[in-house]
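Remarks on the structure that follows.
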Amino acid sequence: MSEPMTTLDDRFSDPGTAPTSWDDTVRALETAELFWITTVRADGRPHMSPLVAVWLDGALHFSTGADEQKAVNLRANPHVLLTTGCNQWDRGLDVVVEGEAIQTTDDTALKRLADGWRSKWDGRWKFEARDGCFHHEVGAALVFSVAPTKVLAFSKGTFTHTRHRF
């Protein structure tokens, strides 16, 4: 993944501030325990739900059941937003990732991702990668990867509005 073009939006940033670095933004993506995904239903209405994801190789990766609403929506429209952050007004970093969710079916890539889930959550997420999806005790799950086209980082306390474009 190439380094993004990073810019500060002065309209929404405190005077004299610098943009949030790409390294700080990636660190937030790597350590976040929960994301919210927004997909678009066939009739154009948004659908949002929480999920866990792993940042690996310059992309966010998540899994979902084939019949879940987000998977249904992604079959018709791959455009998504993935957000993470905190609910405090005056501290922390909120991040929004925009891109297309592409299904990952390569078993070698899926095994690397399953290892990523296992290590990020100390073994609490146990997936077996085979037949183009994750398998676990309640069934199979599709895996999607989102290489960002744009990432917004909102720093709070000292307020900054940063855009990372690819």
Least to most buried among Ser119, Ser2, Ser145 (fewest other Cβ within 10 Å first): Ser2, Ser119, Ser145
Range in the chain, longest, excluding exposed trypsin sites (Lys or Arg not before Pro) [loop by DSSP; at most 10 other beta-carbon atoms within 10 Å]: 1-90
Segment 65-71 - phi-based ³J(HN,Hα) in whole Hz, Karplus 6.51/-1.76/1.60, Gly and Pro as x: x, 4, 9, 5, 4, 5, 5
Under Karplus coefficients 6.51, -1.76 and 1.60, residue-wise ³J(HN,Hα) of segment 151-163 in Hz, glycine/proline x: 10, 9, 10, 10, 8, 10, x, 9, 7, 9, 10, 10, 10
Calculated Rg and Dmax of the chain using C-alpha coordinates, Å: 16.5, 53
Environment charge of Lys156, counting only residues whose C-beta is closer than 12 Å and scoring Lys/Arg +1, Asp/Glu -1: -2
Segment 5-165, relative contact order in percent, only Cα pairs under 8 angstrom and at least six apart counted: 30
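Every number in this text was worked out from the coordinates using simple rules, so none of it is lab data. These numbers were taken from a predicted model, which means no experiment stands behind them. When we count neighbours, we look across all protein chains shown, and the Cβ atoms used for this are built from the backbone with ideal geometry, even at glycine.
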